[in-house]
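The values are calculated or read from the model by the stated rules, or taken from the named source; none is laboratory data. What you see is a predicted model; the values in this text were computed from it and never measured. Reconstructed Cβ throughout: ideal geometry from the backbone, glycine too, with neighbour counts over all protein chains shown.
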Amino acid sequence: MSSTEIETELQGDAALRDPIRQKALADELTAHLELGDIDKMLSILNAHARAIGMSKVSKDSGITREALYKTLKPGTQIRFGTFMSVLSALGISLSVEPKNSND
């Protein structure tokens, strides 16, 4: 099941707490992070934030709704702190691992 299909089934707080949705979001973001596709990551975050509700994400992240709409559009130079706040509001964390020596 794709994350888009999951989002259409779940809304609001239920979507935020759903471990399947969180795993799909994390996997999707990780894939695009590895590719360096920041615009796609912002599009994904935007879609998930809208599905949950921008007001809820705004409240949980401490970022105004207006700023979220501006920040989560492709082409935006998002600040790292803002990125981390949005991830946290969506129930996702970021971790760092050493590169495989074969890379």
Segments classed as helices (runs of 4 or more DSSP H), wholly inside the stretch 47-103, with at least 2 members that are among the β-branched types (V, I, T) and in contact with a helix residue (DSSP H, G or I) (Cβ under 8 Å, 6 or more places away or on another chain): 80-89
Boolean, S3 is modelled with pLDDT under 90 and hydroxyl-bearing (S, T, Y): yes
L29 being surrounded by 13 or more Cβ atoms within 10 Å (Cβ to Cβ) and in contact with a Leu (Cβ under 7 Å, 6 or more places away or on another chain): no
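Here is a yes/no grid of residues against (1) closer than 16 Å to S43 by Cβ; (2) polar (S, T, N, Q); (3) in contact (Cβ under 8 Å) with a residue 40 or more places away in the chain:
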| residue | (1), (2), (3) |
| --- | --- |
| S61 | no, yes, no |
| Y69 | yes, no, no |
| F80 | no, no, no |
| F83 | yes, no, no |
| L90 | yes, no, yes |
| L94 | no, no, no |
| N100 | no, yes, no |
